[in-house]
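Working notes for the structure below.
Read-outs: derived from the displayed coordinates by stated rules, not from any lab. The model shown is predicted, which means the values in this text are computed figures rather than measured ones. Methodologically, a virtual Cβ is constructed for each residue, glycine included, from the backbone with ideal geometry; neighbour enumeration extends over all protein chains shown.
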Amino acid sequence: MTALLALVFKLVGTGFLVIATVGVLRFEDPFQRMHAATKAGTLGAGLVLIGVMLAKGSTDATVVAFLTLVFLIGTMPVAGHLLGRAAYVSGAPLRSREDALAGVLPRARHPLEERMALGFLAPAPVAGAATPAVAPQPAPALVDEPVEPVEPGFSGVRFALIAPHAGLVTRRAVALAETHRWRLTAVAVIDRDCVESARVPGARDVVRAKLAEAIEEMRRETRERPQPLSLAYEEGDPLTLIPALSPESRELLVLPTDGWCHHGACVTLPVFEERLADKLFEVSRRHEGPTLFVGCEAGAGGPLVVVHDGGRRAQSLAAWALATRLWPVEAVTVVGSATREQVEALAAIAADAGVAVGHVRASKAPAGAMLPARFADAAAIVLPALPRRASGYGTFWQDAIVPGWRGDVLV
């Protein structure tokens, strides 16, 4: 009789497991599939365990099967709840007619796959969700809320969190996103090569602590500014993780003028340190779109200087900067071999903002510099291309543009 009852429990349990499998394969959205896996799966596995207890009859088998059953019942509902919450927040498709959680939980308007296609590296964290042990969670509900771009062909701001400049870069990126209603993405990366080449004990923990400070600084800067924000946290190669490699992403990349993804932890070898300065340039070169190197706070006075080589890229970059009013400048000076038609086109764009445009075709600069010292009062400089090296003979790369100058560079 016991053997027959055990067989019945096993058959019924197996039937529920088959139903769970069919539900996972046939249901349309992840929430329905999760329902089948957790409900029917848990019941089926539980009945099979009861059948095993009856069939074996020994104390050892009964204790092991009972503990397994308790563990199954205690963990499966919790795991299903957490997975369902994560799927809902990330924007997974919902096939039911009514969304009972609308207004209760924040939810991305597009699924994760679509946002990754736009250059997003990870889904946005959500207030109240578990945070990585290596970094604190930003305060706002960081869920991507795509908006219609104001400027044609451009729709987002992407900025790198690099200590100790996280606060400055965050302020500028958030201000740009708020002004132009662009979507905002923060990318926090630890350079794996840096920590693996370090001879300092616990180098990875030191770098993680520095990055945690940078994320906390970003959290403070965004606390009072409810701009929707997506945060990607990775450890790997910054050259592939920070820039948007797809032309469809249409994002402005915002970087500090110096620093790297070891976040000032001083854990790398001296020879390796010399190569890090050029990596920041390499990130910009790999990015599909313009890059803004932030060197000062927004609102710094002074003219805008456009270094123009007569090419299409220099013209379109300068025109975009003027049309979006990237800086509150009162005058624009075009330096280089721009044609009269190009200067007139820039002047027509700048006229809407009441800004005058001048043209300097030839300019004597000190040896090794791109512009003379009289442009040291510039608020920002637009370049068609970056200097060849970020550092050379112990000098800062902006000295190769204007000696002693520090400010924003758009390239």
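The share of alpha-carbon pairs in segment 1-107 lying farther apart than 18 Å comes to 57%. Counting 0.36 nm for each residue step from ALA369 to LEU5 and taking away their Cα separation leaves a gain of 122.1 nm.
Sorting the segments 26-36, 255-265 by their mean number of nearby beta carbons within 10 angstrom, highest to lowest, gives 255-265, 26-36.
The GluC sites (Glu not before Pro) of segment 221-254 that meet both conditions, a loop assignment by DSSP and at most 16 other Cβ atoms within 10 Å of the site Cβ, are GLU224.
With the convex hull drawn over the C-alpha atoms of segment 304-410, the volume per residue is 89 Å³.
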